[in-house]
Amino acid sequence: MTFAAARTAALRALPLDQLRRRSSTKWRTYPDDVLPLFVAETDFPLADAITRRLHEAVEQGDTGYTPPDPGLRDAFVAYAQRRFGWSVQPAHIRSTCDVMMGVVEILRAVLTPGDRVVVAPPVYPPFFDCIEEAGGVVERVPLVDADGSWTLDLDGIERALADGARAVLLCNPHNPTGTVHSHAVLARLAEIAAAHGAVVVSDEIHAPLVQPGIDYTPFLAASPLAAEVGYTVTSASKAYNLAGLKCAVMVTASEQTAAMVHGLPPEVEWRTGLFGAMAAVAAWDPASDAWLDGLLVALDDNRRLLGRLLAEHIPGARYRLPDAGYLAWVDLRDLGWGDDPAGRILREAKVALNRGPTFGAEGRGHVRINLGCSPEVLTEAVLRIAALVQR
């Protein structure tokens, strides 16, 4: 990635009273006495280029169907090269409604009903559902905790594919741990998949949120074999807070995989939201780079702040700085609050966190905390939880 040489000023979250006027899931699921640090929405203002583009569209009544080429291909090609050093061919890109829809449609096309698909829990809960929706069966090969960091269990994945699993659904960077898988690990995963005639579908929605200094490799760029066996689905929605606008891209790197994606039904592309496409083009424009750099600084500050707060007020919590994203994976098992501590935290501390067990059995006793907020909100949330420890 490329970033400004000097540290960019941190982006500031909006005031809480303004945020509570939002109508999205984060702000309409719980009453106002609950601090919502669960679903992956952020509390920051939109990038100016996105705001201007959407305002212009509304003023013009530009609310019709999404055209065949709303500019997404060229915008993503330039963005991938600029931010990741990744060369993508425009003809190898097709859009759809959101990342999970793209994953489902690709899996549906490459699987025979009943085929097994490998996932690496703890992992984003919709992975389990989308595999079933595509007609597949979930094969769990948990992440390995090795020397204080998370990594894919490549030996376990190889055994699963040798035993007949047909695909790997990869999270790169990984949600909820924030792990950025290394180039070597991804290249080896591609070798394993190719050796067993399997495919890898990589969800890379958190890629723009990799912290400076962390080497990030798009799966399709990991090796020539990765280009042959892989499919990537990604979106501007996570980094730029555009989930409600519905736009994602499916990316390939070989003629064979591109032909498969372009052979998907036209309705797959028709589902792309027009406002989502407009916003994504604006997000991927160089005019929004300074905004993203400021967001990364704010998230870096918050991931470190959370570490300090937990060490001081909840020393029984175990937490590692995520390499990417704004989601913190926190182990609360030593507090003795059971398999689902988020339930007690919501009831008694009035803080809404994601429930660890929904990420797989490996999430028992864990919570996922959304760091995409102001330092003040994050501090208040931890202090509320800490009060439970003192009871």
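The values are calculated or read from the model by the stated rules, or taken from the named source; none is laboratory data. Note that the structure is a prediction, hence the values are computed from the model and not measured. Please note: Cβ atoms are built from the backbone with ideal geometry, for glycine as well, and neighbour counts cover all protein chains shown. With ligands, DNA and RNA removed, areas are computed over all heavy atoms of the protein, side chains included. Shrake-Rupley method; radii C 1.70, N 1.55, O 1.52, S 1.80 Å.
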Honestly region 29-81 on the Cα gyration tensor test (a ≥ b ≥ c root eigenvalues; a/c under 1.5 rounded, otherwise a/b vs b/c for prolate or oblate) is just prolate
Within the under-15-Å Cβ sphere about Thr66, not counting Thr66, Lys/Arg +1 and Asp/Glu -1 give a net charge of 0
Of the convex hull drawn through the C-alpha atoms of region 44-157, the volume per residue in Å³ is 193
Region 194-239 -> Rg/Rh from Cα coords, Kirkwood Rh, value 1.03
Over the chain, the sum of -39500 (n - 2.57) across DSSP H runs of at least four, divided by residue number and rounded to 500 deg cm²/dmol, gives at 222 nm -11000 deg cm²/dmol
Net charge near Leu220 (other residues with Cβ under 13 Å of its Cβ; Lys, Arg +1; Asp, Glu -1) is -3
Per the charge dipole of region 128-214 (beta-carbon charges, Lys/Arg positive, Asp/Glu negative, Cα centre), the residue among Thr177, Val201, Ala190 reaching farthest to the positive end is Ala190
The chain: relative contact order from alpha carbon pairs under 8 Å, six or more residues apart, as a whole percent, is 22
One finds the C-alpha centres of region 278-320 and region 18-87 to be spaced, in Å, by 17
Partner lysines whose C-alpha sits under 28 Å from that of Lys350, ignoring same-chain residues fewer than 8 away, are Lys26, Lys238
With no solvent term and unit scatterers on the alpha-carbon positions of region 283-331, Debye gives log₁₀ I(q)/I(0) at q = 0.18, 0.24 Å⁻¹ of -0.60, -0.85
Taking 253-259, 369-375, 228-234, 207-213 and ranking on average Cβ neighbours within 10 Å, highest first, one gets 228-234, 369-375, 207-213, 253-259
Quick calc, region 243-302, dipole around Cα centre from Cβ unit charges on Lys, Arg (+) and Asp, Glu (-), nearest 20 debye, gives 320
Mean-square fluctuation maximum in Gaussian network of the chain, Cα pairs under 10 Å, restricted to Ala75, Ala57, Ala134, hits Ala57
Expressed in angstrom and ordered largest first, the alpha-carbon extents of the chain along the principal axes are 60, 56, 39
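Kindly report the accessible area of region 270-391 per residue (heavy atoms of protein chains, probe 1.4 Å, no ligands, DNA or RNA), in Å².
The answer is 37 Å² per residue.
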To the nearest 20 debye, region 1-103 has a Cα-centred charge dipole, built from +1 on Lys and Arg Cβ and -1 on Asp and Glu Cβ, of 320
Placing +1 on each Lys and Arg Cβ and -1 on each Asp and Glu Cβ in region 235-391, then taking the dipole about the Cα centre, the residue among Ala386, Ala283, Ala328 whose Cα reaches farthest towards the positive end is Ala386
Answer in debye to the nearest 20: the dipole magnitude of region 101-229 about its Cα centre, from +1 Lys/Arg and -1 Asp/Glu charges placed on Cβ, is 100
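In whole percent, how big is the carbon plus sulfur part of the accessible area of region 248-356, probe 1.4 Å, protein atoms only?
It is 50 percent, rounded to a whole number.
What does DSSP give for region 58-216 in terms of the percent of beta bridges that are antiparallel, rounded to the nearest 5?
Around 20 percent antiparallel, to the nearest 5.
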Charge tally for neighbours of Val377 with beta carbon under 11 Å away, counting Lys, Arg as +1 and Asp, Glu as -1, is -2
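What is the percent of Cα-Cα separations in region 268-391 that go past 24 Å?
38
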